[in-house]
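J.: Quick one: structure below, then a few questions.
What follows is calculated from the coordinates using simple rules that are stated; it is not laboratory data. None of the values given here were measured: they were computed from a predicted structure. For neighbour counting, all protein chains shown are included, and Cβ atoms are generated from backbone atoms with ideal geometry for every residue, glycine included.
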Amino acid sequence: MYVVQDRAVTLLAKATILHTELAAVFATSQFLIYRGRERRLSSTYPLLRVIRGGSDACVIAEMITDTAMCLPCISKRTGVPIEQVNAVLRSITGTFRLSIGMRRCAVCRARKTAFGISTDGNSSHHTNGATRSAIVSFLEEHRGEAFCSRCISFRLFEGRDIDVAMRHLEGSGLARRHGRCAACGMPRLVASVPSTDN
């Protein structure tokens, strides 16, 4: 019986170590992606390809869920060439409810043909709006400090996934960068509202 307990304690300790190592690898990966995008957008390295993983369709679908964006802004935000964005939007119409119309783009704020994916039902849209409002209120209360989405989620939403809400806020002008989270102290992609002391 004691042998089983000792083995369980050992396995739990190993799992904790692996979890910590995975978090560090994830943070490093996020930093490298951020730096790659930064280098690509600089005038010194205009021809470098963006670092990204997974399907372009998933990236684009997540980017335009419950918001509206024009083709150039979708392309710029995702790093997917505009011709491919067009092809992906055509391909996802069979899976998602894609809305197309003259609207204000959430990124550049210009009124033009914009694309969006509506979630089923109005309650989801209102929940997403409430989530974004709560995040902005929290960051305004902690103006000048930066927090990762994981810590914001645990403080406000009991650990619920808020990645889509964070991306929408970033598209609307919320400052996000790679840095140390004020809550957990880990190097992560953090969000903040600039301090007014400047």
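J.: Using amide H atoms built in the peptide plane, which far-off residues or other-chain residues are under 5 Å from residue 162 H to H?
T.: Excluding prolines and chain starts, which carry no amide H, there are no hits.
J.: Sticking with the crude label model, points 7 Å out along Cα→Cβ, report the distance from residue 143 to residue 25 in nm, one decimal please.
T.: Here the answer is 4.2 nm between the modelled labels.
J.: For the stretch 56-117, what does the alpha-carbon gyration tensor say about shape, rounded, prolate or oblate, given a ≥ b ≥ c as the root eigenvalues, a/c under 1.5 as rounded, and a/b over b/c as prolate?
T.: oblate
J.: Ok, one more. Calculated FRET efficiency, residue 18 and residue 113, Cβ-Cβ r, R0 41 Å, to nearest 0.05?
T.: Calculated transfer efficiency: 0.30.
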